[in-house]
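To start, the structure itself, in structure tokens.
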């Protein structure tokens with residue numbers, strides 16, 4: 001049978017009995033993720049005050065930006081899953097599915113680029129002692145992380161590549177198949193690899209510096225300890241990003257050679273929808289680490305050195 005677009009595809013799970021399991025699990029994960037994102041945003045605003053947002057450290061602003069990506073993604077994604085769950089059909093009219101798809105593309109890739117910026121920012125600070133300039137009110141950062149996905153979404157929209165996948169709205173399961181391979185499998189694998197390499201290089205540099213100071217000074221300075229904290233915090237975000245998207249990358253690679261099993265698709269649905277929960281865990285761990293610092297350590301960590309700057313500017 002020749003398919004012209006995603007609406008010709010059967011609704012995923014209807015024929016094998018996995019329909020309800022897929023969508024109920026997805027909606028549950030999305031609800032937990034959305035609740036977590038809202039908690040992060042509310043707790044951050046309560047702690048610092050919204051009016052002074054752009055005076056917060058970069059790390060604190062990154063946390064809110066990531067939570068906003070999760071929140072908007074979860075809102076749109078919950079609506080398309082609920083629509084399919086209630087109607088047992090693709091999202092109709094097609095314009096509504098396209099609207100959901102544009103928003104999902106926007107916030108999935110905005111989050112991807114945001115995590116990559118975290119890795120690059122820390123790497124540049126540790127290796128070159130330079131602080132990336134995000135512009136007044138973060139306009140450069142926001143233009144890159146939100147403007148680039150919007151441009152991609154508009155190109156996909158204009159070329160008719162957005163629509164039903166069979167299970168939700170995203171890249172059309174027929175007309176957007178090549179773009180799906182490039183933008184999900186390809187880009188996710190590339191970002192995961194780049195982030196891992198940057199982290200490894202950053203950690204190597206920090207470990208080497210700590211070893212040098214240990215041998216020459218007989219101890220580790222407060223600035224080096226601050227750098228270690230920065231690297232560990234960055235690693236938490238990279239780990240959360242990996243946990244959320246590894247299954248999608250594996251599913252895409254599998255699809256290049258054969259149809260992936262239903263169980264793998266269920267795993268993709270679960271992990272890709274728990275980003276807010278993962279980031280909440282990261283937020284709580286980092287907050288606990290900061291509270292665990294003694295007053296003396298807190299004072300030393302605030303010393304104006306490159307390594308200390310990495311702690312306050314790059315990694316929450």
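Can you give me the number of residues within region 175-199 that are without any contact (Cβ under 8 Å) to a residue 12 or more places away in the chain and over 22 Å from residue 111 (Cβ atoms)?
2
Find the helices (runs of 4 or more DSSP H) located wholly in region 80-178 whose residues include 2 or more that are under 25 Å from residue 266 (Cβ atoms), and list them. If you could, list the steps in order and put the result at the bottom.
Values: elements: 94-128, 139-142, 148-158.
Answer list for region 80-178: 94-128.
Does residue 290 satisfy being surrounded by fewer than 20 Cβ atoms within 10 Å (Cβ to Cβ), at pLDDT 75 or above, farther than 29 Å from residue 184 by Cα and out of contact with any helix residue (DSSP H, G or I) (no Cβ under 7 Å at 6 or more places or on another chain)?
It is true that residue 290 is surrounded by fewer than 20 Cβ atoms within 10 Å (Cβ to Cβ), at pLDDT 75 or above, farther than 29 Å from residue 184 by Cα and out of contact with any helix residue (DSSP H, G or I) (no Cβ under 7 Å at 6 or more places or on another chain).
How many residues does region 86-129 contain that are farther than 17 Å from residue 272 by Cβ and more than 15 Å from the chain's Cα centre (by Cα)?
24
Within the set of pairs 6+ apart or on separate chains, which have a first residue in region 75-97 that is at positive phi and touching a residue at least 40 places away in the same chain (Cβ under 8 Å), a second that is in a loop (DSSP other than H, G, I, E, B) and surrounded by 15 or more Cβ atoms within 10 Å (Cβ to Cβ), and C-beta atoms under 9 Å apart?
Partner pairs satisfying both residue conditions: 88/11.
Report, ordered by the first and then the second residue, all pairs with beta carbons closer than 7 Å, sequence separation of six or more or different chains, a first member in region 138-152 that is at negative phi, and a second member that is outside any helix (DSSP H, G or I) and modelled with pLDDT of 95 or more.
Note: no pairs meet the criteria.
Pick from 307, 314: which is modelled with pLDDT under 50, closer than 30 Å to residue 77 by Cβ and out of contact with any strand residue (DSSP E or B) (no Cβ under 6 Å at 6 or more places or on another chain)?
Exactly one residue qualifies, and that residue is 314.
Criterion first (touching a residue at least 24 places away in the same chain (Cβ under 8 Å) and within 20 Å of residue 58 (Cα to Cα)) does residue 120 satisfy it?
Criteria met by residue 120.
Quick grid of which residues meet (1) buried (at least 17 other Cβ atoms within 10 Å of the Cβ); (2) at pLDDT 85 or above; (3) touching a strand residue (DSSP E or B) at 6+ places or on another chain (Cβ under 9 Å); (4) within 27 Å of residue 284 (Cβ to Cβ):
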site	(1), (2), (3), (4)
195	yes, yes, no, yes
214	no, no, no, no
240	yes, yes, no, yes
249	yes, no, no, yes
252	yes, no, no, no
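Go through the residues of region 55-70 one by one and say whether even a single one is at pLDDT 90 or above, more than 30 Å from residue 164 (Cβ to Cβ) and in a helix (DSSP H, G or I).
yes
The values are calculated or read from the model by the stated rules, or taken from the named source; none is laboratory data. Being a predicted model, the structure only gives us computed values, none of them experimental. Positions of Cβ are backbone-derived with ideal geometry, glycine not excepted, and every protein chain shown enters the neighbour counts.
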